[in-house]
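Here the structure comes first, spelled out in structure tokens, and everything after it is commentary.
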Protein chains: 2
Amino acid sequence: MLYPAELRRRIFLLPVSYTAGALSAITQAGGIWGRREVWTRQNFSGNSKGSSLSEGHLPVTNTIRPDIRRPLTLRDVSEASGVSEMTVSRVLRSRGDVSDATRERVLTAARTLGYVPNKIAGALASQRVNLVAVIIPSLSNMVYPEVMTGISQVLEDTGLQPVVGVTHYLPEREESVLYEMLSWRPSGVILAGLEHTDAARAMMGNAGIPIVEVMDVDGEPVDSVVGISHRRAGLEMAGAILAAGYKRIGFLGTMMPYDHRARKRLEGLEEGLASAGITLADREFYSGGSALLKGREMTETILKRSPDLDFLYYSNDMIGAGGLLYCLEKGIDVPNRLGLAGFNGVELLQGLPRRLATMDACRLEIGRTAAQIIAGIHPGGLIGGERVELSPTLELGDTIRQ
Amino acid sequence: MLYPAELRRRIFLLPVSYTAGALSAITQAGGIWGRREVWTRQNFSGNSKGSSLSEGHLPVTNTIRPDIRRPLTLRDVSEASGVSEMTVSRVLRSRGDVSDATRERVLTAARTLGYVPNKIAGALASQRVNLVAVIIPSLSNMVYPEVMTGISQVLEDTGLQPVVGVTHYLPEREESVLYEMLSWRPSGVILAGLEHTDAARAMMGNAGIPIVEVMDVDGEPVDSVVGISHRRAGLEMAGAILAAGYKRIGFLGTMMPYDHRARKRLEGLEEGLASAGITLADREFYSGGSALLKGREMTETILKRSPDLDFLYYSNDMIGAGGLLYCLEKGIDVPNRLGLAGFNGVELLQGLPRRLATMDACRLEIGRTAAQIIAGIHPGGLIGGERVELSPTLELGDTIRQ
DNA sequence: TTGAAAGCGCTAACAT
DNA sequence: ATGTTAGCGCTTTCAA
């Protein structure tokens, strides 16, 4: 594990035996060893491969002094172009006035050297970090990559960059990922859910940056919140189920103790059913493995145990899809003998033999809105403390009788 | 977009009107305003909510001086605990000798204040960054999250942290993401594929850190490479197809101009078929949309156009799964009348009505190995320049006749 | 076991 | 339009 750092040391940190002031004075004076001439000659010649170089990126091999391989700094560029570090800094950040001639010289030098600015130093000096921490439970859930897409779409235009951390649905991991990310002093935090450890909540409260909790609005946010009410989603689904005349309802979902949103949907469902005097007839839980396969297996299990069920509500579309495939293979009459519904509105459903009833979770929009709040460009937005509740749309598909 | 930084400014940067030396002297002397006593009393009392606080994370609200809200620094902790910044630094990094009593005082103070170390400053001072840049084409492809999982598994034990960047299969985006990430001076880079812009290649060559290109080994790596030969994968699939006696083969894949690995598999397939004197009978391409649905549609299209095809090779499992579902619905005899195969070995296949023939792409192992190389813990590893070719296993499933 | 000094590579603020 | 000065918040190195 020491290798990377150690190796860099060995390769790079060869002695540089003159002081800063001295060197730049030398350079400015033309160089006692004719140094600037050397740089100049080699720098501004050919070497124009890579059209993208013109876009402001500054790569290409350092052909000048291949013998001295140490990390390049602003000073190297300043020496190579004969201007001060400050001017180089201005050019590379396109800030302040710089003459065209100077800009050209600097850019060419930077490009030729292959200089990549050091954002660590830049961030420390400017107290500005263009990073946004995005903390999500999982990457394999399809749902979160879509939120990410929304976030990226918006941040792209703002100069901010998302940095992803994954918690695996573990509160302690969320806490440590958050800690790690906050230690890089990001410009904002977007994280899934409203349930966090006390410590995590405290860290966010103290961070002094915009925090947006996403996906869920049923609870007390630290700062801003963007999402849907999963409780209401469950309620609405209960309404649709009852309206279609189903009576014996089963629930199938994850066993994860921290899948709060699935839990809230279940609670909403039960509440809705209760208002019609119905209680959940059976339930089945799973954890891990291929969700599609689990959906099949759970469906088989619950139907064997409770053959009189006439509706199955799945906590997500993947297990719902598995259930749907199972039912079709078994020749079960969907939706008349048995109704089915999932949750999320994932793209995958479009390719199934029947359209599974589902509820769109507004993932893209959630991501976009959260990013807008972080970037301070949310239309009509306050400074902090926003609450945006989106309305998921129920799609009855072909698996709820109408 | 200025909001975050600006806001922090306004909130935090209230004047602090004494010098560093003075204050710490005061604190150490007991405080001219009895300051240390105040800290002590309030700091070391109750407030022990959040068991995770004991784990080394240091949150909890700053209850001491809620009126002065500026970002906490080492100095705040040093003042609060009455030791030098250096000692605090030692405690928080568990480096060097510190007496138990001092350590306790420091930790308690840090915890109580909710201090989160500033890694930007730390990284600049130590020239050490525990970040590993991971650059992948997409998050929605299921394949890459699995590689990520392998990477995370290994890095977890090393103190290194993956940071993800997404290119959307665009070389220019890869270049800019790489540039952005290198500017944070990570300890290593893991990126998908061997095809990059000249500029990107040059940046990596100059970065002086371990670079691991993953997924594919057919080409010239910048430094190390871990993957499978997609060309060979195509070849082997051709062998299996021919061995099963199929003759009229169609290919279905992405249209993305930069999906080099799919292209190489196709080339390998064609090469393998050619050795038996067979050429591809038809091909169909897609881009965007639900892969499962596209798989269906493409299958319908290609079969309408070329009804005599007896085998379909899909460039990925999702479109293959769509094709499989389509064929089953249409009552096509799979695998006798028509054979099918995909690529990747995704988990989803386990839940389908039949097991689609596929080839496991060793994604988890690729991620793990790449991370080991970055961390310098690859068994028998060199320092840089490693080449690890893994062998994907062909799974015939139920869609190639045997 | 602890502390003081120097400086990492940049940028803000203020010259010029 | 360009340069100088003084840090940003830490860690390294050396001294005590």
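The values are calculated or read from the model by the stated rules, or taken from the named source; none is laboratory data. Fair warning: this is a prediction, and the values are worked out from it, not measured in the lab. Glycine also receives a Cβ, built like all others from the backbone with ideal geometry; neighbour counts cover every protein chain displayed. Accessible surface areas use protein heavy atoms only, side chains included; no ligands, DNA or RNA. Shrake-Rupley method; radii C 1.70, N 1.55, O 1.52, S 1.80 Å.
Note on surface exposure: A:Thr254, A:Thr149 rank A:Thr149, A:Thr254 by accessible area, highest first, 1.4 Å probe.
The order of A:Lys264, A:Lys304 by accessible area, most exposed first and with a 1.4 Å probe, is A:Lys304, A:Lys264.
Shielding by partners for peptide A:312-321, expressed as the average number of C-beta atoms from other protein chains within 10 Å of each residue's C-beta, is 1. Label-to-label distances for A:Asp157 across copies, nearest first, come out at 4.7 nm, using points 7 Å from Cα in the beta-carbon direction. Rolling a 1.4 Å probe over the protein heavy atoms leaves A:Tyr258 with an accessible area of roughly 100 Å².
If only the Cβ of Lys and Arg carry +1 and only the Cβ of Asp and Glu carry -1, the dipole of segment A:246-402 around its Cα centre is close to 160 debye. Spin-label pair B:Asp198-A:Asn336: with each label point 7 Å from Cα along the Cα-Cβ axis, the two points sit 6.9 nm from one another. For a straight C-alpha distance cut-off of 17 angstrom, the lysines reachable from B:Lys304 (same-chain residues fewer than eight places away being disregarded) are B:Lys294, B:Lys330. Considered as an equivalent ellipsoid built on the Cα gyration tensor, segment B:161-266 has semi-axes of 33, 14, 10 Å, the largest given first. The listed residues A:Asp223, B:Asp198, once ranked by accessible area (1.4 Å probe) with the largest placed first, stand as B:Asp198, A:Asp223. Can you give me the solvent accessible area of B:Arg261 with a 1.4 Å probe, rounded to the nearest 10 Å²? Taking all protein chains as shown, B:Arg261 has close to 20 Å². At q = 0.09 Å⁻¹, what is the log10 ratio I(q)/I(0) for segment A:88-211, with the Debye formula run over Cα points and no solvent? Ignoring solvent entirely, the Cα scatterers give -0.36.
For B:Ile135, the amide hydrogen comes within under 5 Å of the amide hydrogens of B:Gly165, B:Ile190, B:Leu191, B:Ala192, counting only partners 5 or more places away or on other chains and with H modelled in the peptide plane.
For the pair segment B:69-140 and segment B:353-391, the centres of their Cα atoms are 34 angstrom apart.
Computed with every protein chain present, the accessible area of A:Asp100 is close to 110 Å² [probe 1.4 Å]. Between A:Lys304 and A:Glu389, the contour length at 0.36 nm per residue exceeds the Cα-Cα span by 26.7 nm. On full extension, the segment bounded by B:Ile377 and B:Leu364 gains 3.0 nm, given 0.36 nm per residue less the C-alpha separation.
Relative contact order for segment A:184-263: what is it in percent, counting Cα pairs under 8 Å that are at least 6 residues apart? Rounded, it is 24 percent for segment A:184-263.
Stokes-Einstein diffusion for segment A:284-402 at 10 °C, viscosity 1.306 mPa s, with a Kirkwood radius from C-alpha pairs, works out to 100 µm²/s. When its C-alpha radius of gyration is set against 2.2 N^0.38 Å (N residues), segment A:221-373 gives a value of 1.04.
For B:Lys119, the lysines whose Cα falls under 17 Å of its own Cα, not counting residues fewer than eight places away in the same chain, are A:Lys119.
Taking a straight Cα-Cα cut-off under 18 Å and skipping sequence neighbours fewer than 8 places away in the same chain, the aspartates and glutamates within cross-link reach of A:Lys247 are A:Glu236, A:Glu267, A:Glu270, A:Glu271, A:Asp282, A:Glu284, A:Asp308, A:Asp310, A:Asp333.
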